[in-house]
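This report concerns only the one structure given below.
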Amino acid sequence: MTDHDFPREYVALDLETTGFYPDSCRITEIGAVRVSDGAIVSRFQQLVNPLKPIPAQVTRLTGISDAMVADQPPLDEALPAFLAWLAAPAGALPVVGHNVGFDIRFLDHASRRVAGVPFACVDYDTMQISRALFPTQKRHRLVDLIQRFGIADTEEHRALSDAIQTHQCLEWMRGWVLDRSGLFADGFRFVPTPATDGTEALHQRLVCD
């Protein structure tokens, strides 16, 4: 396996939400970075008014309060702007996220409601990649990866910051694999795997033969 098996052009994204379930919870922030050859070339960040109170535990975790989103656009306005940014300038790119299925389910539910179409994408999950590369490690949360890889000490639980840290984790793992490709990593490969949760995502899962 070489670094070329990892995507060279992609969008790393993260959402903050009011809860875990897209049919009953709402998006409160969208953050994303477009990456080319390891470098961030564009950023997107938008707070979203969920049009319902944000639970206190979510505010404690993310710092996003009702007052912060009161004057922000609702999802009906924020999502089309994000989808337009996502498609420009060269069309759809692979999506990278940490536990990315969570974000895709929210985006799919929102896109079907707002735009009338599913959120279709090819994705790479840094949590799944970490589990494949480091199976002896017990925890693979974003905070575990950034601390283990020496990227940062804390996870901010804000969408843009988490998207940037996710990008940094993918690039760190790309470099780690490249450094060891002659030793053992030739047995690793990405396998396209259709989603089974009703979304139109094609997961690129890292497996070891």
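The values are calculated or read from the model by the stated rules, or taken from the named source; none is laboratory data. On a predicted model such as this, the values are computed, not experimentally measured, just so you know. Glycine gets a Cβ as well: all are built from the backbone with ideal geometry, and neighbour counts include every protein chain shown.
Values as computed for the structure displayed
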read-out: Residue in segment 37-53 that is modelled with pLDDT of 95 or more and in contact with a Phe, Trp or Tyr (Cβ under 6 Å, 6 or more places away or on another chain) present; value: yes
read-out: Pairs where the first residue, in segment 172-200, is assigned to a strand (DSSP E or B) and at pLDDT below 85 and the second is surrounded by fewer than 14 Cβ atoms within 10 Å (Cβ to Cβ) and not acidic (Asp, Glu), C-beta under 9 Å, 6+ apart; value: PHE188/VAL207; PHE188/CYS208
read-out: Unique residue being under 30 Å from ARG26 (Cβ atoms) and touching an Asp or Glu at 6+ places or on another chain (Cβ under 6 Å) when the list is VAL95, VAL117; value: VAL95
read-out: Failed condition for LEU51, given (1) loosely packed, with under 14 Cβ neighbours inside 10 Å; (2) on the phi < 0 side of the Ramachandran plot; (3) in contact with a Pro (Cβ under 9 Å, 6 or more places away or on another chain); (4) not aromatic (Phe, Trp, Tyr); value: (2)
read-out: Qualifying residue in segment 146-157 (condition: of a type outside the set (S, T, N, Q), under 15 Å from GLY31 (Cβ atoms) and out of contact with any Ser or Thr (no Cβ under 7 Å at 6 or more places or on another chain)); value: yes
read-out: Counted residues, segment 11-37 - those being acidic (Asp, Glu) and either in contact with a Pro (Cβ under 9 Å, 6 or more places away or on another chain) or buried (at least 19 other Cβ atoms within 10 Å of the Cβ) (or both); value: 3
read-out: Criterion (surrounded by 14 or more Cβ atoms within 10 Å (Cβ to Cβ), of a type in the set (Asp, Glu) and farther than 20 Å from GLY175 by Cα) met by exactly one of ASP123, ASP108, ASP144; value: ASP108
read-out: Tally, over segment 56-95, of residues that are part of a helix (DSSP H, G or I), without any contact (Cβ under 8 Å) to a residue 12 or more places away in the chain and of a type in the set (A, V, I, L, M); value: 4
read-out: Residues being touching a Leu at 6+ places or on another chain (Cβ under 7 Å) and either in contact (Cβ under 8 Å) with a residue 40 or more places away in the chain or farther than 23 Å from SER24 by Cα (or both) - total across segment 98-114; value: 4
read-out: Selection from segment 19-40 of residues that are in a loop (DSSP other than H, G, I, E, B), within 19 Å of ARG60 (Cβ to Cβ) and among the charged types (D, E, K, R); value: ARG26
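Okay, residues lined up against (1) of a type in the set (A, V, I, L, M); (2) closer than 18 Å to ASP14 by Cα; (3) modelled with pLDDT of 95 or more:
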| residue | (1), (2), (3) |
| --- | --- |
| VAL69 | yes, yes, yes |
| ALA78 | yes, yes, yes |
| ALA132 | yes, no, no |
| ARG139 | no, no, yes |
| ASP144 | no, yes, yes |
| ALA159 | yes, yes, yes |
